[in-house]
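Each remark here refers to the structure printed beneath this line.
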Amino acid sequence: MAHINESVVSEFVLLGLSDSRELQLFFFAIFSVVYVTSVLGNLMIIVIIFSDSHLNSPMYFLLSNLSFIDICQSNFATPKMLLDFFVVHKTISFEGCMAQIFLLHSFVGSEMMLLVAMAYDRFIAICKPLHYSTIMNRRLCIIFVSISWAVGILHSVSHLAFTVDLPFCGPNEVDSFFCDLPLVIELACMDTYEMEIMTLTNSGLISLSCFLALIISYTIILVTVQRRSSSGSSKALSTLTAHITVVVLFFGPCIYFYIWPFSRLPVDKFLSVFYTVCTPLLNPIIYSLRNEDVKSAMRKLRNRHVNSWKH
């Protein structure tokens, strides 16, 4: 961070999603609802899981941590974007920009690893049910969560270590509503080709390896489930469908961005919105709507509060 003061650029200008005043007000209304719903929805999942003793299994412990990461991801850039809809000159300090890059890659990297841990949990539960309670204990879950955060932070630091030292001496307009790493790198006053390749390799490697691990795991699980015809298998299939839906919607935009990260198309801005604003909403919507245990715990918690108010 020692080189920050040597940079001529002390702040970046965020061009946002649109110059149209009407569109900005429309986006504010839509994204405000998505943001509040996302934060409250994930908070509700955490409260429900920790308040219901029937949801103390490893799967729900990992799910509550996924909700916590989603709350963090909802807050790294969305509140500023909502405020910027009412500001003509949207700026962010150099330090603030670096902080956004660090937080985004920390949360995304952590979530990727946590989704792999959740896939492993389902693999053991369905393919080795007799050994599940022995293998998937609380200690292993804590190790999984710790590893996911460690990988996310290391992944982010590896990006930031090179980005903060880049010479920013001229253009400072970022064509997005937050500091997107590829767009910020392009503003450096030097040939950034090697930096771009390194960014692609770093992010692409973790994204692709996690995605392939998930695809292989869920393929094995689905084959195992299809061989059975019990009601337990039907419930497992429902849970798997929820997991696979989250994986596809989470990794889809991510892999797209790293196919050609430094060649932007008009649709990329809106994919960025989906990735940073809408993705944290997937968890509460998909898991709460498809998971009978969560819905049952939700009803019990609601009835408990209703009865306490009556008395």
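Numerical summary
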read-out	value
Selection count, the range 221-254, where residues are at pLDDT 75 or above and within 19 Å of Leu114 (Cα to Cα)	16
Selection status of Ile142, of a type in the set (A, V, I, L, M) and loosely packed, with under 15 Cβ neighbours inside 10 Å	yes
Residue check, Ile206 crowded, with 19+ Cβ neighbours inside 10 Å, modelled with pLDDT of 85 or more and either farther than 30 Å from Ser288 by Cα or under 16 Å from the mean Cα position of the chain (by Cα) (or both)	yes
Single condition Phe144 does not satisfy, out of (1) outside any helix (DSSP H, G or I); (2) touching an Asp or Glu at 6+ places or on another chain (Cβ under 9 Å)	(1)
Residue list for the range 279-311, filter: within 28 Å of Val108 (Cβ to Cβ) and at pLDDT below 75	Tyr287, Ser288, Leu289, Arg290, Asn291
Residues being closer than 30 Å to Ser20 by Cβ and not in a helix (DSSP H, G or I) - total across the range 49-89	7
Residues located in the range 55-114, provided they are over 17 Å from the mean Cα position of the chain (by Cα) and of a type in the set (S, T, N, Q)	Asn56, Ser57, Thr91, Ser93
Test: Val108 is in contact with a Cys (Cβ under 8 Å, 6 or more places away or on another chain) and either open to solvent by less than 70 Å² (accessible area, probe 1.4 Å) or assigned to a helix (DSSP H, G or I) (or both)	yes
Test result for Ile92, at pLDDT 90 or above, open to solvent by 10 Å² or more (accessible area, probe 1.4 Å) and part of a strand (DSSP E or B)	yes
Close pairs (9 angstrom Cβ cut-off, 6 or more residues apart or separate chains): more than 14 Å from Val116 (Cα to Cα) and open to solvent by less than 10 Å² (accessible area, probe 1.4 Å) in the range 56-72, outside any loop (DSSP other than H, G, I, E, B) and of a type in the set (Ser, Thr, Tyr) anywhere	Ser67/Tyr287; Ile69/Ser110; Ile69/Ser148; Asp70/Ser38; Asp70/Thr279
Test: Glu186 is open to solvent by less than 80 Å² (accessible area, probe 1.4 Å), charged (D, E, K, R) and either in contact (Cβ under 8 Å) with a residue 12 or more places away in the chain or within 28 Å of Tyr275 (Cβ to Cβ) (or both)	no
Residue match in the range 189-199 (condition: among the aromatic types (Phe, Trp, Tyr) and buried (at least 16 other Cβ atoms within 10 Å of the Cβ))	no
Residues (assigned to a helix (DSSP H, G or I) and open to solvent by less than 70 Å² (accessible area, probe 1.4 Å)) located in the range 158-167	Ser158, His159, Leu160, Ala161, Thr163
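The values are calculated or read from the model by the stated rules, or taken from the named source; none is laboratory data. For clarity, every value in this text was computed on a predicted model and none was experimentally measured. All Cβ positions, even for glycine, are placed from backbone atoms using ideal geometry, and neighbour counts span all protein chains on display. Just the protein is used for accessible areas: all its heavy atoms, side chains included, with ligands, DNA and RNA removed. Shrake-Rupley method; radii C 1.70, N 1.55, O 1.52, S 1.80 Å.
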